[in-house]
Structure formats: structure tokens, C-alpha cells
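Just below is one structure, and these are the notes that go with it.
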Protein chains: 2
Amino acid sequence: MIRMNENYLKLHSSYLFRRVAKRVAEFQNAHPDQEVIRMGIGDITHPLPPACLAAFEKAVKEMATRATGYGPAQGYPFLREKIAAHDFQARGADIAADEIFVSDGSKSDAGNIQELFADNIKVALQDPGYPVYLETNVMAGRTGAFENGRYRGVVYLESTAANHFIPRLPAEPVDLIYLCFPNNPTGATMDAADLQQWVDYARDNNALILFDAAYEAFIRDENLPRSIFEIPGAREVAVELRSFSKSAGFTGTRCAYIVVPKSCRVYDSQGTAHNLHDLWQRRQATKFNGVFYAVQRAAEAAYSPEGRQQIREIIDYYMANADLIRREISALGLAAIGGENAPYIWINTGRDAWEFFDTLLHQAGVVCTPGTGFGRCGENYVRISAFNHYEQVQLAMDRIKPVLQPIRKACAAG
Amino acid sequence: MIRMNENYLKLHSSYLFRRVAKRVAEFQNAHPDQEVIRMGIGDITHPLPPACLAAFEKAVKEMATRATGYGPAQGYPFLREKIAAHDFQARGADIAADEIFVSDGSKSDAGNIQELFADNIKVALQDPGYPVYLETNVMAGRTGAFENGRYRGVVYLESTAANHFIPRLPAEPVDLIYLCFPNNPTGATMDAADLQQWVDYARDNNALILFDAAYEAFIRDENLPRSIFEIPGAREVAVELRSFSKSAGFTGTRCAYIVVPKSCRVYDSQGTAHNLHDLWQRRQATKFNGVFYAVQRAAEAAYSPEGRQQIREIIDYYMANADLIRREISALGLAAIGGENAPYIWINTGRDAWEFFDTLLHQAGVVCTPGTGFGRCGENYVRISAFNHYEQVQLAMDRIKPVLQPIRKACAAG
């Protein structure tokens, strides 16, 4: 009898963004004339930078006369070398091209990397956090049942107003630590001193950090680290996720990469060290066949002088949205963080997040993302995304104001 | 301490094609002037069909003014509807568009689907067979140690000259069965009566068949089934892999699909049935973000009248190569099968496959794939691929003849 992976039965709800999409679809079916402004899912609204599109067209033309056979599973050297030089070596981070694995997305990488670890490791992850980290570990059987909003057996690293949304080191030993900075969903950032503490912790405990830097392009404070590999000692205890999705607008184009340093170690049950890079290479060679050639050429163009300039302009545009959202929300008297070095604004709604989501959807026709979907610490929060057209953000803010002002007054009176 | 998945330590050798590539690279470094003819890995040599390329260019142009945000994780309806109509409904197979999941490759799908099943199911797979089926189950811990060329705990379905390379039903109960027809590497095909036996077996035993039909476009015998869903009763007990790689030349472009019928069931430890379609949808929504829009538009064009005609011509071209290879190899007195409804020719070399591989590489400058990499039944076989330019195939045959004739004579004398 074909038996199922029963860990799937532990998953307590459908994937956050699918649930949001379902509610929005129901609303739109009921109100076909109402234009809904989507400020929920972090999806880009700008086309690819012209430099990337030009590289794309050129590559597709090449394909008219040349068979694009299987490429290297790890990615073409032309792209990996650009990544290593620009994203790491130029910032003093000692990462070589052969430590970079090009992939079809950070969601895939984040979901797949846990396969390399034992079933019984202790996992620590941020609450709130990107659901993929947690759910892929649930599917792999590293958690117990879901009770009171949390899975048993997981160490939740709470990020709340009390700790300025920077989690403290865990009180108990953990083995695999997911950190995401600039953070999704809070928009919080970690400085080098904070991050050094985590690297030191990982070194002291033979733990591994999965550092998700998908939003590093939004960092404006020059003093903040953009990569964990800018921190001394990280090469032995960290892997890093990066993506072209939010920087160069590749969300639907699918290109990302993961950095697995050759000095990174994992251990067998005898305590013998093994090379994580070799294991990941083996995994990818067996289950993955690389990224489309033309997509890698387009990604390469993101590093050209024109590409870099165009990306900077697009990011500036999104960050102007973030400034506006943060200002307007704060003016309504709601506490909000993020939006300074990240495209997300995290708002304390003062009530249940799904209820707030429904209010905004039904009364303002605006979609936000309920913080509940990111963990228990998000129960009273929503995430608003700066990926939008400026005029739409203005319109959304104009619609939100009359809806939220009475709530604020009622709260003040109550 | 971050412990590893120790199942990786059971993997007995590096991935077959990497090992071949390494030997070829070593040879080329030592003989830089020798032109090597690659008849090993099944990679296309023709550019994309012009209809697909035109659709591609059009889609990339669209992207200049439109943000290509995240697409549906399951694939765009425009493509899934074409697939359902042309590949299934037109042949009387009852498959709907929402049972199709578009992916970045059959290797990924074949590697990922096993995540949905329990750790302790009994797996049956063809020997010889595509290594990904076996190795992903090794990584997941469903096998014991590697001993005498095989992993303990796996049921090997032997495909040999004695059974005309069509395996018999297993003697012991199995839960998950991998079948690939037209077969990689042997090129053998299964007729409807053979396949019906397997469907009946799966129904009688609540087993599941993973049917890999990546090479269905090469079937020329109109009486052979192209899909397992042409067989009555298969909808409840089978999933099917399909790919645009070998049909429309998408190997480096990355587009495939898996069919998971809504009536397909898996069971929990209480014996309660669960819907496999829902589980796969949950897996994909959590770990995958869909395929690039322009690639799906190019795949859609494979179903246009021009696209279908162009693909037919390319396949005819490859099949002329297959005819030539089979004729020449047979004329050398070696037993060969395949090449009639498949792009692979499976050759009984009469000696160790890696030794034969080295002889062909060093004496003829021709690369084949050692059958050993596909399983113990391939120990004395090599696979030759018909994906090539006709002139190259002719040249390869001319070079092989003088190398193999003395061997034949020695064998005859010995």
C-alpha cells in the first residue's frame, strides 16, 4: 500500500499567500466593479531593467542557430564570476565563483537545503518569518504537532517591539538557524555587531546559519552588512540565499543563487565533519538541471554599469513608496517599522490581523498580508509591501485613511 | 551540532553523467587536438523549433512594458489547457488541465515526488533505469547499504534480453513502482496489454506507478500507448512525467510537466485515503514558484500546427540517426535494441561497460554512456544516443568500425 508522508497532515493551514489570494478572489467575485489595490504579496510591478531585457533578446536570438543543451547544473561560470566579484569580493567577502549555485529561486533553495540535514536536528527560526523555512521542516518531520499557534519541537526566535525586532540568541542549543535580514516581513535589519554574535554562537555550537539576504538590494544604510560573509568566521558556519527577484525584478523570470562556502561543515553521528558544498552539489546534480541560458544572460546584465544604474533607479522608486506608506501609517497613529532598508512595512494593527485584513479589503479595497501567516508574533500585525506604482500607493493610502481613523478614535475612546 | 542526512553516505558513486563528463574532460586535456564525438548524454543538437522561438521573442518583447510577476505555481492555464487537449484528450485519455503541473524539468519532478510518500514504503524500479529514481530514494533513506552493485531493500525489476527488456511483475508486494517507456536507457517500449498488467497490479495492491513518458514523442508505432492514462483504471494509481526537453528541444530551456490525477490516492497509517493531487499542490506551493512566463509561451507554441510540424521533422531527423546507428552496430555483430520508438540504442558490448567506454573514447574519440551507471543489468551494455547531427553520426560510425572489428574477431576466435 502506498503510504503518504504523514508529516503533511501536521501542516495547520494552506500556504499563506494562497489563502490571501483565495479571500481576494472571493471578494472580487462578489464585487466585480471594485478595483482592488494589492499591497500584500511582495511582487514587483516594474518590468525587467532594459539592460536585462536586451541581454535576453540577444540570447534568444542566439538560440535560433544554436542548440541550448543542458547547461551546468551549478550555473554558467559567466554569471557565477560576476556574482562573486560584485556581490562579495567587492565588499571584502571572501567568496569564490565555485561556491555559488545558480537556481530557479530562493523559495526552492530555502525549501531544498534542509534535505541535507538529519531528521532530528533542532531548528530555530524567526517569529515572524517567511513560512517556507518552517513548513519545509514540518514536511520533513522535524517538528511535532501544531498547538496554540506553534509546532512543538521548534525553537522560535521572537522578534517583537520589545527587542526592536532583532531576536536574542536561543536559550537552548540549536543546530540550524534561519535568519533573514533585511527581514521579511518586519523590514528590520541587523548590524554587523548583532550578526557577529550569531556567527560566534554558530561557531561555538557547531550550528549552521541559513542567512536569507533576498532583500539586500534595499539596504540604504552603508554601515549595514549586506552579506553574512562580511562577518569574520561566517564561512565555516553559514550559507546564504540571494535572489534576482526583488533586486532586478525577476520574480516571474526565476533566477536566484545560494552560496555554500567550501569550508562549511556538517557532521555525521560519529562527529566526523563532512563538506556541505559537496553534499549540495550532489543534491543539485541529482534533482536539478540548471537555469535557462537566456535567463542567466539576463541576470548577468544586472551587473553591467547600465544594469546597476537601472536597478538603482527602480529600487529608489520602490523605496519612495515605502517612505510614503510609513509616513501615512504613522500619521494614523499606528506603530510601524521597516521601510527604511527594506521594501516591507510592518504595522501593529492593535487587533487580530485577519480581521484587519478583511476590514482593509472590504472597506478600502486594499490587500495587505496578515502577520499571523508569519507566526504567532504577527498576530496583531500586517505587512504592507512597497512593490507598487506610486499612484496606486497614494490611492491606497487615501482609501485606508477614512477606514482607519474611526478605528483609532474608537480605540482612543475605549 | 548540525548533523547531516547520513543517507547521502550510502550513495556509491558520483552521478553517472558527471563521471562521464569527467573522463571526457581528462581525455580532452590529454588530447587537445582530437575532436570528440559525444553520443553519450541525451542532449538535443537542434535549436528550438522556429514556432517556439517566435513565441519566445514575442513574450520577451511583452516584458518590456509589463512586469512579469510571479505566475501560478502550477503553470499558466493557457499551457495546461493545450497539454490536456493535445497530449491526453485527443488520445482518449481523461486528463483535465487542472491535473497538470508545469515544472522546470522531469528530473526535478522525478526527484521531488518521492517526498510525498512514507519513509518505509517498498520501492520497485527498473534495472537498468534512470539513476535519479533510485538515488533520490537513497537520499530519502528508503534503501539499505550498497552491496554487490545494488542497494538493499529495493526491488529491482530486471530488464534483460531474456524478457525482451520488459520487466515482469514483482514477486513480492511493492508500493511505489517507477516505469519508464519508451525506456531510458534501453529504448524498449511497452504495449497496452503489458501496461494494463501493471495498472491492474497497482490497483490490486494499492500501489502507485510513476510513469516516465519523457520520450513518448519518439514512438512511431501507432499501436503503442503514449500515456499510461490511455490504459483503463490508471487514473487512480498512476502519475506521469512528461517533458518538452526531448520533444521540442527544451533541454536547456527547462520546461516539463507532471500529471497527478485528482482520483489518485495515497494512504495514511490508519489506511485512510488521501488525495495525492492536494499533497503535490501543497508541496509545489511551498517549495516552487512556477516556470518563467516566456518559457511557457514557447512551450505553448509546440502545440501550434507549425510547431507540431517542426517538431515532427526534428524527431524524424533524430530517428534517421537512430536507424543508422542500429544498422551499423548490428552489422558489426553486436546485439542492439531500441532506436525504433526511442532515441536510444542499447548495445550488448560483450564485456565490461566502462572498459568499452574507455576503448571507444581513447581509440575512436567517441563518447557513449556505460550501462553500469543505469544498474547491474547494464554491466555489459552501453547506451548510444541518436541526438546528434547526421554527419557526426556517420563519422562516429566510421571511427568505431575499425576499433570494434578486431574485438569481434578476437571474441569469435576466443
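Considering only segment B:62-76, state which residues are of a type outside the set (Gly, Ala, Ser), assigned to a loop (DSSP other than H, G, I, E, B) and modelled with pLDDT under 95. Steps first, please.
Applying the first criterion (of a type outside the set (Gly, Ala, Ser)) to segment B:62-76 yields B:62-63, B:65-66, B:68, B:70, B:72, B:74, B:76.
If we keep only those that are assigned to a loop (DSSP other than H, G, I, E, B) too, we end up with B:63, B:65-66, B:68, B:70, B:72, B:74, B:76.
Result: B:MET63, B:THR65, B:ARG66, B:THR68, B:TYR70, B:PRO72.
Spot the failing condition for A:ILE41; the list is (1) in contact with a Phe, Trp or Tyr (Cβ under 8 Å, 6 or more places away or on another chain); (2) in contact (Cβ under 8 Å) with a residue 60 or more places away in the chain; (3) over 21 Å from B:GLY71 (Cβ atoms), and only one is missed.
The failed condition is (3).
Would you check which residues across segment B:240-264 are farther than 14 Å from B:ILE83 by Cβ and within 11 Å of another protein chain (Cβ to nearest Cβ) and list them? Quick ask: steps written out before the conclusion?
Taking segment B:240-264 as the starting set, the residues that turn out to be farther than 14 Å from B:ILE83 by Cβ are B:245-246, B:249, B:251-254, B:262-264.
Selection gives B:SER245, B:GLY249, B:THR251, B:GLY252, B:THR253, B:ARG254, B:CYS264.
Of the conditions (1) closer than 30 Å to A:TYR390 by Cα; (2) in contact (Cβ under 8 Å) with a residue 24 or more places away in the chain, A:GLU57 fails just one. Which one is it?
(2)
From the list A:ASP358, A:ASP268, A:ASP352, A:ASP316, pick out the single residue that is more than 25 Å from A:ALA238 (Cβ to Cβ) and touching an Asp or Glu at 6+ places or on another chain (Cβ under 8 Å). Steps first, answer last, please.
Values: A:ASP358 fails: touching an Asp or Glu at 6+ places or on another chain (Cβ under 8 Å); A:ASP268 fails: more than 25 Å from A:ALA238 (Cβ to Cβ); A:ASP316 fails: touching an Asp or Glu at 6+ places or on another chain (Cβ under 8 Å).
Residue meeting the stated conditions: A:ASP352.
At least 1 residues that are under 19 Å from the mean Cα position of the chain (by Cα) and under 16 Å from B:TYR344 (Cβ atoms) in each: list the strands (runs of 3 or more DSSP E) lying fully within segment B:153-240 that qualify. Even if it seems obvious, please write down each step before you answer.
On the way: elements: B:155-158, B:176-180, B:208-212.
The strands (runs of 3 or more DSSP E) meeting that bar are B:176-180, B:208-212.
Just the residues that are under 30 Å from B:ILE314 (Cα atoms) and more than 7 Å from every other protein chain (Cβ to nearest Cβ), please, taken from segment A:45-56.
Step one: list which residues in segment A:45-56 are under 30 Å from B:ILE314 (Cα atoms), which gives A:53-56.
Across segment A:45-56, the qualifying residues are A:ALA54, A:ALA55.
Tally the residues that are among the aliphatic types (A, V, I, L, M), in a strand (DSSP E or B) and more than 9 Å from chain B (Cβ to nearest Cβ), restricting the search to segment A:1-44.
Quick first cut of segment A:1-44, residues among the aliphatic types (A, V, I, L, M) only: A:1-2, A:4, A:9, A:11, A:16, A:20-21, A:24-25, A:30, A:36-37, A:39, A:41, A:44.
The next check asks that each one be in a strand (DSSP E or B); those that pass are A:4, A:37.
With the extra rule that they be more than 9 Å from chain B (Cβ to nearest Cβ), the set shrinks to A:37.
Matching residues across segment A:1-44 total 1.
Which condition breaks for B:ALA294 when tested against (1) in a helix (DSSP H, G or I); (2) hydrophobic (A, V, I, L, M, F, W, C); (3) closer than 25 Å to B:GLN405 by Cα?
(3)
For B:GLU379, all conditions in the list (1) under 22 Å from B:LYS22 (Cα atoms); (2) at pLDDT 95 or above hold save one; what is the number of the exception?
(2)
Quickly run through segment B:258-292 and pick out the residues that are more than 20 Å from B:LYS107 (Cα to Cα) and of a type in the set (Lys, Arg).
Scanning segment B:258-292 gives B:LYS262, B:ARG265.
Hey, can you tell me all the residues within segment B:159-186 that are small (Gly, Ala, Ser) and crowded, with 24+ Cβ neighbours inside 10 Å? Quick ask: steps written out before the conclusion?
Of segment B:159-186, the ones small (Gly, Ala, Ser) are B:159, B:161-162, B:171.
Passing the criteria: only B:SER159.
I need every pair where a residue in segment A:227-243 that is touching a residue at least 40 places away in the same chain (Cβ under 8 Å) and at positive phi has its Cβ under 6 Å from the Cβ of a residue that is of a type in the set (D, E, K, R) and in a strand (DSSP E or B), sequence separation at least 6 or different chains.
Close Cβ pairs satisfying both conditions: none exist.
Quick grid of which residues meet (1) at negative phi; (2) more than 10 Å from chain A (Cβ to nearest Cβ); (3) of a type in the set (D, E, K, R); (4) crowded, with 22+ Cβ neighbours inside 10 Å:
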site	(1), (2), (3), (4)
B:ASN223	yes, yes, no, no
B:HIS277	yes, yes, no, no
B:GLN281	yes, no, no, no
B:PHE288	yes, no, no, yes
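Could you please let me know if B:THR359 is closer than 24 Å to B:PHE17 by Cβ, among the polar types (S, T, N, Q) and without any contact (Cβ under 8 Å) to a residue 40 or more places away in the chain? Steps first, please.
Values: closer than 24 Å to B:PHE17 by Cβ: yes; among the polar types (S, T, N, Q): yes; without any contact (Cβ under 8 Å) to a residue 40 or more places away in the chain: no.
So B:THR359 fails the test.
Quick one: would you say B:ALA59 is at pLDDT 90 or above, more than 29 Å from B:GLU313 (Cβ to Cβ), within 12 Å of chain A (Cβ to nearest Cβ) and touching a helix residue (DSSP H, G or I) at 6+ places or on another chain (Cβ under 7 Å)? Walk me through how you get there before you give the answer.
Working: at pLDDT 90 or above: yes; more than 29 Å from B:GLU313 (Cβ to Cβ): no; within 12 Å of chain A (Cβ to nearest Cβ): yes; touching a helix residue (DSSP H, G or I) at 6+ places or on another chain (Cβ under 7 Å): yes.
Taking the combined requirement at face value, the residue does not satisfy it.
Which strands (runs of 3 or more DSSP E) sit wholly inside segment B:300-414 and have at least 3 residues that are in contact with a Lys or Arg (Cβ under 8 Å, 6 or more places away or on another chain)?
Details: elements: B:336-338, B:344-348, B:381-385.
Correct list: B:344-348.
Output the number of the condition that B:THR65 fails; it satisfies all remaining conditions of (1) farther than 30 Å from B:LEU361 by Cβ; (2) in contact (Cβ under 8 Å) with a residue 24 or more places away in the chain; (3) β-branched (Val, Ile, Thr).
B:THR65 satisfies all of (1) farther than 30 Å from B:LEU361 by Cβ; (2) in contact (Cβ under 8 Å) with a residue 24 or more places away in the chain; (3) β-branched (Val, Ile, Thr) except (2).
Matching residues to (1) surrounded by fewer than 24 Cβ atoms within 10 Å (Cβ to Cβ); (2) among the acidic types (Asp, Glu); (3) part of a loop (DSSP other than H, G, I, E, B):
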residue: A:PHE78; (1), (2), (3): yes, no, no
residue: A:GLU81; (1), (2), (3): yes, yes, no
residue: A:GLN89; (1), (2), (3): yes, no, no
residue: A:LYS107; (1), (2), (3): no, no, no
residue: A:GLY141; (1), (2), (3): yes, no, yes
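Filter segment A:109-120 down to residues that are touching a residue at least 60 places away in the same chain (Cβ under 8 Å) and in a helix (DSSP H, G or I) and give me whichever is surrounded by the most Cβ atoms within 10 Å (Cβ to Cβ).
If we take residues in segment A:109-120 being touching a residue at least 60 places away in the same chain (Cβ under 8 Å) and in a helix (DSSP H, G or I), then A:ASP109 is surrounded by the most Cβ atoms within 10 Å (Cβ to Cβ).
When you scan segment A:68-84, how many residues do you find that are without any contact (Cβ under 8 Å) to a residue 24 or more places away in the chain and among the aliphatic types (A, V, I, L, M)?
Adding up the residues that qualify gives 1.
Kindly establish whether A:ILE100 is more than 10 Å from every other protein chain (Cβ to nearest Cβ), crowded, with 17+ Cβ neighbours inside 10 Å and touching a residue at least 24 places away in the same chain (Cβ under 8 Å). Step through it out loud before you land on a result.
Working: more than 10 Å from every other protein chain (Cβ to nearest Cβ): yes; crowded, with 17+ Cβ neighbours inside 10 Å: yes; touching a residue at least 24 places away in the same chain (Cβ under 8 Å): yes.
Yes, satisfied.
Among B:GLU115, B:GLU135, which is the only one that is farther than 26 Å from B:GLN270 by Cα and not β-branched (Val, Ile, Thr)?
On the way: B:GLU115 fails: farther than 26 Å from B:GLN270 by Cα.
It is B:GLU135.
Considering only segment B:236-257, I want to know if a residue exists there that is over 22 Å from B:GLY307 (Cα atoms) and surrounded by fewer than 24 Cβ atoms within 10 Å (Cβ to Cβ). Don't jump to the end; show me each part of the working.
Here is the first cut: in segment B:236-257, the ones over 22 Å from B:GLY307 (Cα atoms) are B:236-240.
In the following step, the residues that additionally are surrounded by fewer than 24 Cβ atoms within 10 Å (Cβ to Cβ) were identified as B:236.
Among the residues of segment B:236-257, at least one is over 22 Å from B:GLY307 (Cα atoms) and surrounded by fewer than 24 Cβ atoms within 10 Å (Cβ to Cβ), which makes the answer yes.
Conditions (1) closer than 30 Å to A:ARG152 by Cβ; (2) over 21 Å from the mean Cα position of the chain (by Cα), marked per residue:
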site: A:TYR317; (1), (2): no, no
site: A:LEU324; (1), (2): no, yes
site: A:ILE329; (1), (2): no, yes
site: A:ILE337; (1), (2): yes, no
site: A:ASN348; (1), (2): yes, no
site: A:ARG351; (1), (2): yes, yes
site: A:GLN363; (1), (2): no, yes
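The values are calculated or read from the model by the stated rules, or taken from the named source; none is laboratory data. Bear in mind that the values here come from a model prediction, so they are computed numbers and not experimental data. Using ideal geometry, Cβ is built from the backbone for each residue, glycine included, and neighbour counts are taken over all protein chains shown.
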